[in-house]
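Computed from the coordinates by the stated procedures, all read-outs in this text should not be read as laboratory data. Note that the coordinates shown come from a computational prediction; the quantities given were computed from them, not determined experimentally. As a convention, Cβ positions derive from the backbone with ideal geometry for all residues, glycine included, and neighbour counts pool all protein chains shown.
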Amino acid sequence: MRQVSVRWGRSVRSLAVQWGGWAAVSGGAVLCVIGWYGISGERFAERQLPYLASCTIPGAALIIAGAILLARGDQGLAAARVEELYGLLVASDAEPEAEAAPVARANAADGCLTVPGGTLYHRPDCPLVRGKADAEAVDAEARAARGLTPCPVCEPAEAPLPEA
């Protein structure tokens, strides 16, 4: 149901841009005709300038703006469709099976992950380690031995070191 309303909204927007383009082109054409008619009725250039400035130049600008709206109006719809397809591609590209192993290992330890050679430890849902197959679980002793610091993005809780 949501898909239908989104598509309907986009088509209304595209239709409004198209009608706006045609209105600008036709309004510009009317202004150019009025300017031409005014200029043609005057013999001296200084009397023709007001018609040129008030009708012909704005009319030409409206014709150009309308042509641009007509030519490029559907690109917003195309860009929205490309974004939607990219979102679907990214969503299907994320594989939960690849994330399950490091998360299970982290839960078996005390809930923290790190990457090989890294200096931070993270929660399993941290975007910096999500989807990385080489992420490994670390407990409090391993964090202390390797000198790992908490991630500033996910801010994992600091577990106390076990007493010896």
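Structure values in brief
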item: Difference of contour (0.36 nm per residue) and Cα-Cα distance, ILE34 to SER54; result: 6.2 nm
item: Extension gain from ASP125 to GLU83, taking 0.36 nm per residue of separation minus the Cα-Cα distance; result: 12.6 nm
item: ALA61 paired with TRP22, simple spin-label distance in nm, labels 7 Å along Cα-to-beta-carbon; result: 2.5 nm
item: Residues ALA133 and LEU70, FRET efficiency given R0 of 35 Å [Cβ-Cβ distance, rounded to 0.05]; result: 0.10
item: Förster-model FRET efficiency, 41 Å R0, ALA144 and VAL90, C-beta, rounded to 0.05; result: 0.65
item: Neighbour-count ranking [beta-carbon atoms within 10 angstrom, fewest first] of VAL153, VAL129; result: VAL153, VAL129
item: Ascending count of other beta-carbon atoms within 10 Å, so fewest first, for ILE68, ILE39; result: ILE68, ILE39
item: Exposure proxy order (Cβ contacts within 10 Å, fewest to most) of TRP36, TRP19; result: TRP19, TRP36
